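Visitor: One structure is given below, represented as structure tokens, and several questions about it will come after.
The values are calculated or read from the model by the stated rules, or taken from the named source; none is laboratory data. Worth saying up front: this structure is predicted, and the values here are computed from it rather than measured. Here the Cβ positions follow ideal geometry from the backbone for every residue, glycine too, while neighbour counts run over all protein chains shown.
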């Protein structure tokens, strides 16, 4: 069975491929419209419906939300726009000015098997910290999981995948796929 992972983010694909192994997945870098919604399932459903018209087979997409306590849970699924302005340092500065550093990261996968869409979710809580570290992508340099001292950007891909929101959702998704055999 081959699954097609629709993402323009090479980092997401690499982490996903590693975690789902030995299940065969192929990367499809398709520029799909991403509607703006605070509900990740709405964003995912829209992407899957667009992708169904372009790919014949089983497909999945992932959307990540980052809820920042200092911003009342914002930006959620709109997180990529927060990195345009104010950026990683700006996000940390906002948290510092409010003296609220808590955050929750959620990865949601939408899977279309040719008939219906199913959703899977992985969540991790942590804190926003001053940017540091070179590996990873997105907000990895400012996120430290609760109870730990290392940022995602300071972890190996194996360490990060063992506890991250993406690692958790991929574990659930892999079990589901294996149970389908």
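Visitor: Where residues in the stretch 140-163 are out of contact with any strand residue (DSSP E or B) (no Cβ under 6 Å at 6 or more places or on another chain) and outside any helix (DSSP H, G or I), which of them is farthest from residue 90 (Cα to Cα)?
Guide: If we take residues in the stretch 140-163 being out of contact with any strand residue (DSSP E or B) (no Cβ under 6 Å at 6 or more places or on another chain) and outside any helix (DSSP H, G or I), then 156 is farthest from residue 90 (Cα to Cα).
Visitor: Same structure, new question: Among 110, 90, 136, which is the only one that is outside any loop (DSSP other than H, G, I, E, B) and either at pLDDT below 90 or under 14 Å from the mean Cα position of the chain (by Cα) (or both)? Please lay out each step first, then the result.
Guide: Details: 90 fails: either at pLDDT below 90 or under 14 Å from the mean Cα position of the chain (by Cα) (or both); 136 fails: outside any loop (DSSP other than H, G, I, E, B).
After ruling out the rest, the residue left standing is 110.
Visitor: Do you know which of the residues in the stretch 67-87 that are touching a strand residue (DSSP E or B) at 6+ places or on another chain (Cβ under 7 Å) and at pLDDT 95 or above is surrounded by the most Cβ atoms within 10 Å (Cβ to Cβ)?
Guide: Out of the qualifying residues, it is 68.
Visitor: If I filter the stretch 4-21 down to residues being within 13 Å of residue 173 (Cα to Cα) and outside any helix (DSSP H, G or I), which single residue comes out as modelled with the highest pLDDT?
Guide: The selected residue is 5.
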